[in-house]
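The values are calculated or read from the model by the stated rules, or taken from the named source; none is laboratory data. Quick caveat: nothing in here was measured; it's all calculated off a predicted structure. So basically every Cβ, Gly included, is an ideal-geometry build from the backbone, and we count neighbours across all protein chains shown.
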Ligand SMILES: [Zn+2]
């Protein structure tokens with residue numbers, strides 16, 4: 001049921017706005033049906049959700065991938081820097097704020113063009129981590 005909904009939502013968004021590989025990957029992350037171990041484990045595709053990138057015995061969730069995994073320290077620093085530079089509102093960005101942005105939540109007081117730029121930075125993070133490389 002959840003997987004069907006997930007695919008449905010993903011296709012709906014995909015048809016109208018997104019066409020590149022990177023957009024697809026980002027959308028799958030947002031809808032929790034990505035190649036991240038926690039998503040794969042949820043649908044019983046793999047036996048456990050442990051991150052094999054850092055081997056710190058942690059679940060590879062969105063939070064782990066964007067905030068914690070020690071393999072992506074440099075990419076993460078750049079992502080936070082890029083987002084902080086977009087608006088004073090995003091300075092001193094907390095982890096909770098960043099995850100909220102990644103998941104597509106918007107502050108209505110912030111110009112949507114700023115979010116468009118931020119989504120580019122998020123996709124840059126996804127690309128430069130190489131985590132989803134084919
Ligand atoms: Zn990790």
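Listed values, structure above:
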read-out: Flag for residue 115 being touching a residue at least 60 places away in the same chain (Cβ under 8 Å), under 22 Å from residue 24 (Cβ atoms) and more than 16 Å from the ligand (Cβ to nearest atom); value: no
read-out: So residue 132, is it part of a loop (DSSP other than H, G, I, E, B), modelled with pLDDT under 95 and within 16 Å of the ligand (Cβ to nearest atom); value: yes
read-out: Long-range neighbours under 6 Å by Cβ, at least six apart or interchain, first residue free of Cβ contacts under 8 Å to residues at least 12 places away in the same chain within the stretch 98-109, second in a helix (DSSP H, G or I) and surrounded by 13 or more Cβ atoms within 10 Å (Cβ to Cβ); value: 106/115
read-out: Residue satisfying all of: in the stretch 50-65; near the ligand (Cβ under 9 Å from one of its atoms) and part of a helix (DSSP H, G or I); surrounded by the most Cβ atoms within 10 Å (Cβ to Cβ) among these; value: 65
read-out: Complete set of residues in the stretch 28-58 that are within 16 Å of residue 130 (Cβ to Cβ) and more than 17 Å from the chain's Cα centre (by Cα); value: 52, 54
read-out: Members of the stretch 91-103 that are within 19 Å of residue 131 (Cβ to Cβ) and in a loop (DSSP other than H, G, I, E, B); value: 103
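Yes/no per residue for (1) crowded, with 19+ Cβ neighbours inside 10 Å; (2) away from the ligand (no atom under 11 Å from the Cβ); (3) assigned to a loop (DSSP other than H, G, I, E, B):
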{"residue": "29", "(1), (2), (3)": "yes, yes, no"}
{"residue": "41", "(1), (2), (3)": "no, yes, no"}
{"residue": "45", "(1), (2), (3)": "no, yes, yes"}
{"residue": "48", "(1), (2), (3)": "no, yes, yes"}
{"residue": "67", "(1), (2), (3)": "no, no, no"}
{"residue": "76", "(1), (2), (3)": "yes, yes, no"}
{"residue": "89", "(1), (2), (3)": "no, yes, no"}
